[in-house]
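The values are calculated or read from the model by the stated rules, or taken from the named source; none is laboratory data. The model shown is predicted, which means the values in this text are computed figures rather than measured ones. In this analysis, Cβ positions are derived from the backbone assuming ideal geometry, glycine residues included, and neighbour counts consider all displayed protein chains.
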Amino acid sequence: MKRILFWITIFMLKLYSQNKDTSIIFSEVMFYNSSSIPNGEFIELFNTSYTDTIDILGWKIKYYTSVADQIVDAGQGTKILPRQFAVIFENDYSGGYSVPSSALILKISDNAFGTSGMANGTDRDIHLINATNDTIWSYTYSANNSSGYSDEKIILIGDNSPSNWANSLILNGTPGGRNSVSPKEYDIGLVRFKTTPLFPVLNDTVQVGVWVKNFGIRDASNFIVTFKYDFNNDGIYDLFVTSNTINYLKSGDSLFIISDSLIKGLSSEVKILSELNFTLDENHVNDTISLLIKPGVSPGTVLISEVMYDPRTGEPEWVEIYNKSDSKVNLKGWKISDVLATPTITTITNNDFYIEPKSLLVLASNLSIRNFYDTISSPLLVVPIPTLNNDKDGVVIYDERGLMIDSLFYFSHWGISKRSIERISYDRETNLKSNWAASVSDSGGTPGNFNSVMNIQPANPSSIVINEIMYEPLTGFAEYIEIYNNSLDSINLAGWKIVEGGGKSFLLSSRTKYLKAGEYFVISSDSSILSLFPYLHESYFSNNLKIFNAPDLSLSNTGDILVLQDIFENNIDSVAYQTKWHNPEIDNSKGRSLERINPSLNSNDSRNWTTSVNPAGGTPLIQNSVYTKKVSTSSKIEISPNPFSPDNDGFEDFTIISYQLPIETSQIRIRIFDSVGRLVRTLADNEPSASSGSIIFDGLDDNKQPLRIGIYIVLLEAINQQNGVVEKIKQPLVIARKFK
């Protein structure tokens with residue numbers, strides 16, 4: 001019985017010894033040493049145990065088919081400590097490698113591994129044999145290395161497959177130290193801070209946290225994170241906050257740790273240092289991280305004010321910005337970027353540079369910008385402005401923290417080539433198309449000066465109206481369109497345009513151009529208008545005439561639509577003219593314009609348009625030949641002029657019937673009767689009407705024939721929604737003509 005117990009004990013001891021033996025592995029093999037280190041072949045072992053010291057006295061290395069080589073003491077003993085590397089050199093190795101002092105150095109009894117050293121060009125296997133002649137570990141190296149580059153095991157605790165080995169990344173390998181291709185087993189690190197809010201401003205309450213990541217191949221547990229606060233950024237930490245112990249973090253996972261202390265009322269720079277405390281950590285480089293928190297500016301504090309993206313030849317691209325706040329702003333570290341196609345971000349300045357409150361700053365690619373503008377009243381910084389596309393692109397301004405302070409995305413139709421686009425209001429959003437317009441400055445832009453379009457207000461509908469249209473001129477003469485300022489104020493025509501039905505547009509003025517109350521403005525296809533109307537040569541008229549030097553204005557002879565738009569592309573007036581608007585009494589309307597009878601009446605009422613009776617065929621920049629004044633009245637019906645003479649001589653050819661009704665809305669019927677009560681003309685038949693209105697009468701009957709001279713009766717009836725007549729008004733009208 002005692003003998004049986006003896007052999008069981010011996011078996012268990014041997015089994016325990018073998019289990020401990022397997023903690024020793026091959027971790028690196030230098031089979032093709034550099035010529036700079038003679039006799040430099042080596043084999044590295046590693047003790048994977050965290051607790052056991054292994055004595056390898058009597059162990060051997062067997063290379064390929066050679067007789068096994070004995071591993072011998074090199075003066076440090078033969079015991080490999082837990083997690084220690086051991087390097088076995090040839091017996092005649094005389095130095096050359098840099099081996100950490102923490103490693104155990106051993107030798108083999110012979111001067112070479114195997115018979116004459118390990119092969120450099122052929123794959124060979126090596127074996128680790130313990131004192132009882134058991135093979136503990138084996139590895140077959142792949143002979144594809146360059147001189148001086150070893151085979152290294154990637155994951156030391158991993159399997160021994162070829163995929164878990166790689167060529168060293170470092171010349172002469174890593175004998176006695178961590179393999180260059182190996183990840184660390186235990187490596188947790190601080191990745192980055194996160195603040196809430198992400199970009200704090202003055203007086204904010206700020207919460208701080210830090211991301212921790214497990215970079216190691218083993219799960220980590222039992223570590224803590226400490227936050228240190230330096231509220232004055234003077235190098236002295238005023239507050240220490242330690243997290244609870246974190247019990248577990250899986251390999252590859254991340255964890256967000258929040259500090260228990262808040263920064264209340266942020267008023268100046270605060271420095272925070274975070275430290276990681278983990279006993280098993282094998283990499284301390286990423287165990288600390290710092291953050292400087294300082295109150296920044298809010299988005300919209302600095303605004304993009306003007307952009308020159310399509311400059312003249314020789315002129316640099318430039319961007320103007322505006323500090324909207326009441327405090328100066330330091331632009332150190334700020335950046336500017338374009339958007340398309342790949343954003344290019346450049347630094348505005350690396351030095352302290354303050355933009356004063358309520359002030360402008362010009363950012364230009366070079367100083368040649370001064371050659372194009374008489375004065376640049378604000379500071380100018382030379383900045384490598386990213387190249388801006390002419391068709392569409394964007395401009396983005398970032399502060400030193402990377403926060404987007406303002407951004408603009410523009411299109412070419414927002415402006416005019418060779419002119420900047422200017423912001424109209426600092427109180428409206430940046431990316432509103434209606435908040436930008438082409439500069440109307442004579443110099444094409446206003447860098448460093450307040451924008452020429454600043455605070456322009458949209459025009460009121462019908463404040464300016466289309467007043468005359470020459471759509472079918474005589475051969476060789478110009479088409480033209482006339483507009484008229486029907487308001488009581490001067491109106492800036494800068495950026496205004498007329499758009500015809502086919503989509504073609506005509507810019508009235510690219511610069512400041514005020515049209516006074518009661519003034520006319522004409523656009524003409526070419527200069528032949530000056531031959532037909534010689535008075536236009538006079539400076540008084542020429543200032544209100546724009547000639548396009550084009551074949552025509554694309555006006556259709558069969559009818560077209562014209563739209564007058566202000567700088568914001570608001571429709572101020574529109575006319576859908578037709579050929580039947582011409583006076584049927586005039587046999588040939590070619591070479592004669594359509595003239596508006598009264599600018600205050602409906603633009604699309606055919607009764608408000610007729611053929612010009614001026615012998616020259618039109619009246620550009622002067623009062624229309626058919627103009628009839630509308631008389632305001634407080635009576636129920638007023639006819640003016642009365643009498644009138646519809647003889648096409650340009651004098652009182654039309655009369656205007658104005659009325660006021662006792663109800664706000666109704667349907668109206670206006671009929672003309674002769675002296676014996678016969679109906680000769682129906683001017684309106686159940687037309688919707690407000691409480692007041694006006695209708696033009698041309699002196700023709702329903703068959704478009706001239707009425708005889710004499711007295712006629714105008715009968716106006718107002719009909720309510722129930723078709724009941726609520727008002728009936730009669731008024732005499734006299735048609736007269738000159739005696740011949």
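Some points to look at:
- Any hit, segment 365-379, residues being within 20 Å of the chain's Cα centre (by Cα), within 23 Å of ASN449 (Cα to Cα) and among the basic types (Lys, Arg): no
- Number of positions in segment 155-168 that are at pLDDT 95 or above and either part of a loop (DSSP other than H, G, I, E, B) or on the phi > 0 side of the Ramachandran plot (or both): 1
- Pairs, first within 18 Å of ARG607 (Cβ to Cβ) and touching a residue at least 12 places away in the same chain (Cβ under 8 Å) in segment 667-694, second among the basic types (Lys, Arg) and not in a strand (DSSP E or B), C-beta under 6 Å, six or more apart: SER694/LYS630
- Restricting GLY77, GLY58 to those that are modelled with pLDDT of 95 or more, more than 60 Å from the chain's Cα centre (by Cα), in the same structural domain as GLY148 (by TED's automatic domain parsing) and under 22 Å from TYR139 (Cα atoms) reduces the list to GLY58.
- Residue within segment 637-645 that is outside the structural domain of ASN485 (by TED's automatic domain parsing), among the aromatic types (Phe, Trp, Tyr) and part of a strand (DSSP E or B) present: yes
- Among the residues of segment 670-723, those that are closer than 15 Å to ILE656 by Cα and small (Gly, Ala, Ser) comprise ALA684, SER692, GLY693, SER694, GLY699.
- Yes/no for THR682 being outside the structural domain of VAL499 (by TED's automatic domain parsing) and either touching a Pro at 6+ places or on another chain (Cβ under 9 Å) or surrounded by 16 or more Cβ atoms within 10 Å (Cβ to Cβ) (or both): no
- Summed over segment 179-218, the residues that are among the polar types (S, T, N, Q) and either assigned to a loop (DSSP other than H, G, I, E, B) or outside the structural domain of ASP260 (by TED's automatic domain parsing) (or both) give a count of 5.
- If you filter segment 237-271 down to residues that are small (Gly, Ala, Ser) and in a loop (DSSP other than H, G, I, E, B), you find that the one that is farthest from the chain's Cα centre (by Cα) is SER243.
- Within segment 480-498, residues that are without any contact (Cβ under 8 Å) to a residue 12 or more places away in the chain and in the same structural domain as ASN571 (by TED's automatic domain parsing) reach no partner that is hydroxyl-bearing (Ser, Thr, Tyr) and surrounded by fewer than 22 Cβ atoms within 10 Å (Cβ to Cβ) with beta carbons closer than 9 Å at six or more positions or on different chains.
- Any hit, segment 386-400, residues being under 16 Å from GLU315 (Cβ atoms), in contact with a strand residue (DSSP E or B) (Cβ under 8 Å, 6 or more places away or on another chain) and either outside the structural domain of ALA494 (by TED's automatic domain parsing) or of a type in the set (D, E, K, R) (or both): yes
- Here ASP125 fulfils each of the conditions (1) surrounded by 13 or more Cβ atoms within 10 Å (Cβ to Cβ); (2) in a strand (DSSP E or B) apart from (1).
- Qualifying residue in segment 276-287 (condition: of a type in the set (A, V, I, L, M), under 23 Å from THR195 (Cβ atoms) and assigned by TED's automatic domain parsing to the domain that holds GLN207): yes
- Qualifying position, being assigned to a loop (DSSP other than H, G, I, E, B), more than 60 Å from the chain's Cα centre (by Cα) and of a type in the set (Gly, Ala, Ser), among SER102, SER98, SER94: SER94
- In segment 194-247, the residue that is nearest to GLY402 (Cα to Cα) out of those that are in contact with a Gly (Cβ under 9 Å, 6 or more places away or on another chain) and loosely packed, with under 14 Cβ neighbours inside 10 Å is THR196.
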